[in-house]
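Enquirer: Sending over a structure as structure tokens; questions will come in a sec.
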Amino acid sequence: MNRILNLIRQDIATALRDNLIIYMLIAPLLIAFGMKLFIPSVEQAGLSFAVADSASHQLVEQLQAYGTVELIKESELQGRVEKTDTIAGIIEKDNRITIIFEGNEPQQLIETYKAVIEEVTSKQSFAEITHRSLGKEGSILNELLTITMLMMAMLIGSIVSGFNIVAERDTKAINAIAVSPLTALQFITARGLLASLAATACAIGTSLIMAGTGINYLQLTVILLLSSLLTTLLALIVGASATNQIGAIAMIKLLTPIYLGLPILAFFLPDRFKYLFYWLPNYWQFQALGNIYFRFPLNVSLWHATLITLGLSGIYILAFSKFAGKKLNLR
Amino acid sequence: MTKGWFNLFRKDLVIAFRNALFWVLLVTLAIMIIFIKFIIPDSQETNELGYFYDKSEAGVMAEILRHSGLEEAYILNSTDEIEAAVADSPQSVGIIFEGSLEEPSFTIIHQSEISSYQRKMIDASLEALMARIGGVNRQGSYEVAFLRPQTAPISGKLAAIPPLLAFEVLILGFMFIAVFMFQEKEEGSIRAYRISPGSTATYILSKALVFLAIGLVYGLALVMLTIGIKLNYGMLILILTLGSILYSFLGAIVAVFFNNISEWFVVGTGLLMVNMAPVISHMYPSFSPKWITYIPSYSILSLFNEILFPTGKNLMPWIIPLTLGTVAAYIVCYLLVDGKLMKEGH
């Protein structure tokens, strides 16, 4: 145990010297904070109208109830509609309205614009409409981004630990460790412990920013700690497969879409494709976190998903540690 | 100069491929192609209207919706079922119809409060639907004009390609130019370069061109193996070229402020995440605030969209700022690399 703690102490000293821990802890939190600021504006977004300034004040006011209105000269209207964002041009002349589209808008959006114009020009109501909320406040975008940010925090923890191993290989310091009494298992434990603790702290901070105090932090902490083997596995993959920084970044480039991208993609895919992801521990980690953050039930319970994450990571780490031990010349 | 540049280019290319980059790109390319071709569905398999319950005695609205193609699974039998379905699926809404076609009444059920804009849009769409069902023509009060002929909707699977080109292919240079610079600092080869006849421009351009060459092969392979050969490859090559070298210059600009990959990593990743923000505008077209349009990937994403799925739009208003941005990035990159990297006491 002393050997493990010594290695952790040594890593912390190096990380503090390079301000690494500060970067590691602060950056995801800053990104989370930035996201939190703009998510509401994504979800509140209405339609956009570029209205020729000859339009009546009444029309402009009515359109403002459906989104943002830019008043511009009629001669500039075409140029505005052609810009990259999705905006419809509106010209009102002789009590007649022309809606101008570029031609690349989705049909559903065109129909919505048409319905809005019909609504503002019609004096007749065809239905009585009321809205009711089930009161499950939240935002799917916010929840999805929270889980993504949490997993990113875990990934950063792994990567920084992986970099430490690569630096030791690059500077041949690993040779000194190889002849020390430290075994491969102790080495992996030390690397994994530090990465997991740093990543857990960072992930909890990220969650506080993105989701506030409304979730069960005890459950979250347990999931994050039980994901330690996955964090360790990622650190080990980076550290054992790369001998220098270029190789490490190449490996991270491959791991990032597999670790972060695939579970998110699986979320959007129909259920019949989900089994393709069952072999990935990070798919189950996403499901476990989803049980905490999503307001809707998932197909797998929190504890089942957590245990599968732990089990699969354990199997992979056992299989990989032999290769890693050889690569790192550890006993 | 040319020989020196070529030697440096060749050396960087060899280093790139010696370090597993080739295999990483090959595996990533294979994963992307498998997902695009076989896994991502062609269209969203969701019901845009949501769940529906016809509470009226005649049940006429449910019949109309069945005839218009709404699947039976979305037509429910009680308010409780509607509430349970909406509770399970946050993206959907529940619609309860009461009354008659002459005097319809709708209750729209959401999981949580929605914005007043969204509420008004749903109201307008339902009013339009009821007007049409009632045979009232409200379309005489306006006309619709298109600047260019309407284009067919983009297949769901192919829509993933522009973001992959922008956020997977082009950013290679951003990441790897930094790693190359740190590696050279650590190995001391940058010191040797400082006293060699090689110029700062040669140093920057040789690296940018390595990632341009890799990016071109990677990007073109992705497009050819997914979309095919019937598109404007000249324009695609131009944008891949401008994008690749722009991101390499930006990568070098950021990297000169750090000493090693560990220090750079979190800041570099953070910047790459900011660079990905325009994908949100790509997914939610009505969300395009001014600040997001200043991120280079915003224009690049639009350019890839237009090149891969042409609508006849003039590309020059995007290409000119992108070219000017690349030139400006080169100047800043040159000044920083020359002032910091080539003169530092490392």
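No value in this document is a laboratory result; all are computed from the given coordinates. If you're wondering where the values come from, they're calculated on a predicted model, not measured in any experiment. Note that we place each Cβ from the backbone using ideal geometry, even for glycine, and neighbour counts take in every protein chain shown.
Enquirer: When the Debye formula is applied to the Cα atoms of segment B:6-89, each taken as the same point scatterer, what base-10 log of I(q)/I(0) results at q = 0.16, 0.27 Å⁻¹?
Expert: Each listed q maps to, in turn, -0.78, -1.23.
Enquirer: Which residue, B:Ser116, B:Pro104, B:Asn77, has the largest displacement toward the positive end of the dipole of segment B:50-133 when charges sit on each Cβ (Lys, Arg +1; Asp, Glu -1)?
Expert: Of the options given, the answer is B:Ser116.
Enquirer: If you take the Cα Rg of chain A and divide it by 2.2 N^0.38 Å, with N the number of residues, what do you get? Intermediate results must be reported in sequence, preceding the final value.
Expert: Working: Rg = 26.6 Å, N = 331, 2.2 N^0.38 = 20.0 Å.
Here the Cα radius of gyration is 1.33 times the empirical estimate.
Enquirer: Okay, next question. With n ≥ 4 as the cut-off for DSSP H runs, can you work out [θ] at 222 nm for chain B, using -39500 (n - 2.57) per run divided by the number of residues, rounded to the nearest 500?
Expert: Numbers: 15 runs with 202 residues, N = 346.
After summing the helix terms and dividing by residue count, I get -18500 deg cm²/dmol.
Enquirer: Okay, next question. Shielding by partners for B:13-24, please: the mean number of other protein chain Cβ atoms within 10 Å of each residue's Cβ.
Expert: Shielding by partners across B:13-24 averages 4.
Enquirer: Enter the per residue convex hull volume of segment B:50-133, computed from alpha-carbon coordinates, in Å³ rounded to the nearest integer.
Expert: That works out to 92 Å³ per residue.
Enquirer: Now for a separate question. Give me Rg over Rh for chain B, both radii from the alpha carbons and Rh done the Kirkwood way, two decimal places.
Expert: Answer for chain B: 1.12.
Enquirer: Can you give me the angle between helix A:302-327 and the longest principal axis of chain A, using Cα atoms only, in degrees from 0 to 90, rounded to the nearest 10?
Expert: Once rounded, the angle reads 50 degrees.
Enquirer: Given H placed 1.01 Å from N in the peptide plane, which residues other than close sequence neighbours of B:Glu143 have an amide H under 5 Å from its amide H?
Expert: Sorted by chain and number, the residues that satisfy this are A:Ile97, A:Thr98, A:Ile99.
Enquirer: Can you list the aspartates and glutamates whose alpha carbon sits under 16 Å from that of B:Lys3, skipping same-chain ones fewer than 8 residues off?
Expert: Excluding near neighbours in sequence, the set is B:Asp12.
Enquirer: I've got another one for you. Provide, as a two-decimal number, the C-alpha radius of gyration of segment B:215-346 over 2.2 N^0.38 Å, N being how many residues it has.
Expert: Normalised Rg, Cα atoms only: 1.19.
Enquirer: What is the projected area of the convex hull of the Cα atoms of segment A:155-220, averaged over all directions, in nm²? Could the numbers behind the result be given before it?
Expert: Working: hull surface 21.4 nm².
Mean shadow area of the hull around the Cα atoms is 5.4 nm².
Enquirer: On a 0 to 90° scale, report how tilted helix A:107-121 is relative to the longest principal axis of chain A, with both axes built from alpha carbons and the result rounded to the nearest 10.
Expert: That helix lies at roughly 40 degrees to the long axis.
Enquirer: Still on this model: For a quick check, take a GNM of chain A with Cα springs below 10 Å and name the residue from A:Leu254, A:Leu276, A:Leu312 with the largest mean-square fluctuation.
Expert: Maximum among the listed residues: A:Leu276.
Enquirer: Per residue, how big is the convex hull of segment A:45-133 when only Cα atoms are used? Give it in Å³.
Expert: 116 Å³
Enquirer: How far, in nm, would the chain grow between B:Leu70 and B:Ser115 when pulled straight, counting 0.36 nm per residue and subtracting the alpha carbon separation?
Expert: Stretched fully, the B:Leu70-B:Ser115 segment lengthens by 13.5 nm.
Enquirer: Could you give the dipole magnitude of the protein assembly as shown about its Cα centre, charging the beta-carbon of Lys and Arg +1 and that of Asp and Glu -1, in debye to the nearest 20?
Expert: It comes to approximately 3800 debye.
Enquirer: Give the cross-link partners of B:Lys340 among the aspartates and glutamates, using a straight C-alpha distance below 19 Å as the criterion and excluding same-chain residues fewer than 8 apart.
Expert: Candidates past the 8-residue exclusion: B:Glu184, B:Glu186, B:Glu187, B:Glu263.
Enquirer: What does the charge count near B:Ala201 come to, summing +1 for each Lys or Arg and -1 for each Asp or Glu among other residues with Cβ under 14 Å from its Cβ?
Expert: Numbers: positive: B:Lys207; negative: B:Asp338.
Once positives and negatives cancel, what remains is 0.
Enquirer: Which of the three applies to segment B:155-285, rounded, prolate or oblate, going by the alpha-carbon gyration tensor with a ≥ b ≥ c and a/c under 1.5 meaning rounded? It would help to have the intermediate numbers written out before the result.
Expert: On the way: a/c = 2.99, a/b = 1.67, b/c = 1.79.
Taking the square roots of the gyration eigenvalues as a ≥ b ≥ c, segment B:155-285 is oblate.
Enquirer: Could you give me D for the protein assembly as shown, from Stokes-Einstein at 25 °C and 0.890 mPa s, where the hydrodynamic radius is the Kirkwood radius over C-alpha pairs? Units µm² s⁻¹, please.
Expert: 89 µm²/s
Enquirer: Given 5 Å bins starting at zero, what is the percent of C-alpha pairs of segment A:289-331 in each, up to the one with the largest pair distance?
Expert: Values per bin, smallest distances first: 5, 20, 17, 14, 11, 10, 9, 8, 5, 1.
Enquirer: Could you name the lysines in cross-link range of A:Lys36, using Cα to Cα under 23 Å and dropping any fewer than eight places away on the same chain?
Expert: A:Lys136, B:Lys290
Enquirer: While we're here: From zero outward in steps of 5 Å, how is the percent of C-alpha pairs of segment A:47-203 spread across the bins?
Expert: With 5 Å bins starting at 0, P(r) equals 2, 7, 11, 11, 9, 7, 6, 6, 5, 6, 6, 6, 6, 5, 4, 2, 1, 0, 0.
Enquirer: If you don't mind, another one. If you build a Gaussian network model of chain B, linking Cα atoms that sit under 10 Å apart, which residue out of B:Lys290, B:Lys157, B:Lys185 swings the most?
Expert: Among B:Lys290, B:Lys157, B:Lys185, the largest GNM mean-square fluctuation belongs to B:Lys290.
Enquirer: To the nearest whole number, what is the average tally of beta carbon atoms from other chains within 10 Å of the beta carbons of peptide B:135-142?
Expert: 5
Enquirer: Ok, one more. Which whole number gives the average, over all residues in A:251-262, of C-beta atoms from other chains lying within 10 Å of the residue C-beta?
Expert: The mean count of partner-chain Cβ atoms within 10 Å per residue comes to 4.
Enquirer: Return the single residue from A:Gly290, A:Gly314, A:Gly212 with maximal mean-square fluctuation; model: Gaussian network over chain A, springs between Cα atoms under 10 Å.
Expert: A:Gly212
Enquirer: Span-like helices, chain B: DSSP H, alpha-carbon axial extent 15 Å or more, mean Kyte-Doolittle -0.5 or greater, which ones?
Expert: The qualifying helices are B:2-18, B:21-34, B:116-133, B:172-187, B:200-226, B:233-255, B:261-275, B:296-308, B:316-336.
Enquirer: Report, in degrees rounded to the nearest 10, the 0 to 90 angle that the Cα long axis of helix A:217-226 makes with the longest principal axis of chain A.
Expert: 50 degrees
Enquirer: A further question on this structure: Could you state the number of Å between the C-alpha centres of segment B:292-346 and segment A:55-115?
Expert: Result: 31 Å between the Cα centres.
Enquirer: For B:Asn232 and B:Ala192, compute 0.36 nm times the residue count separating them, minus their Cα-Cα distance, and round to one decimal in nm.
Expert: Numbers: separation 40, 0.36 × 40 = 14.40 nm, distance 4.37 nm.
Extra length available between B:Asn232 and B:Ala192 comes to 10.0 nm.
Enquirer: I would also like to ask the following. Please give the calculated 222 nm ellipticity per residue for chain A, where each DSSP H segment of at least 4 residues contributes -39500 (n - 2.57) and the sum is spread over every residue; nearest 500 deg cm²/dmol?
Expert: Working: 14 runs with 220 residues, N = 331.
My calculation for chain A gives -22000 deg cm²/dmol from helical runs alone.
Enquirer: Something else: Across segment A:185-197, in residue order, what do the Karplus-derived ³J(HN,Hα) couplings come to in whole Hz, using 6.51 cos²θ - 1.76 cosθ + 1.60 with θ = phi - 60° and x for Gly and Pro?
Expert: Once θ is set to phi - 60°, the couplings for segment A:185-197 become 5, 5, 4, 5, 4, 4, 4, x, 4, 5, 4, 5, 5 Hz.
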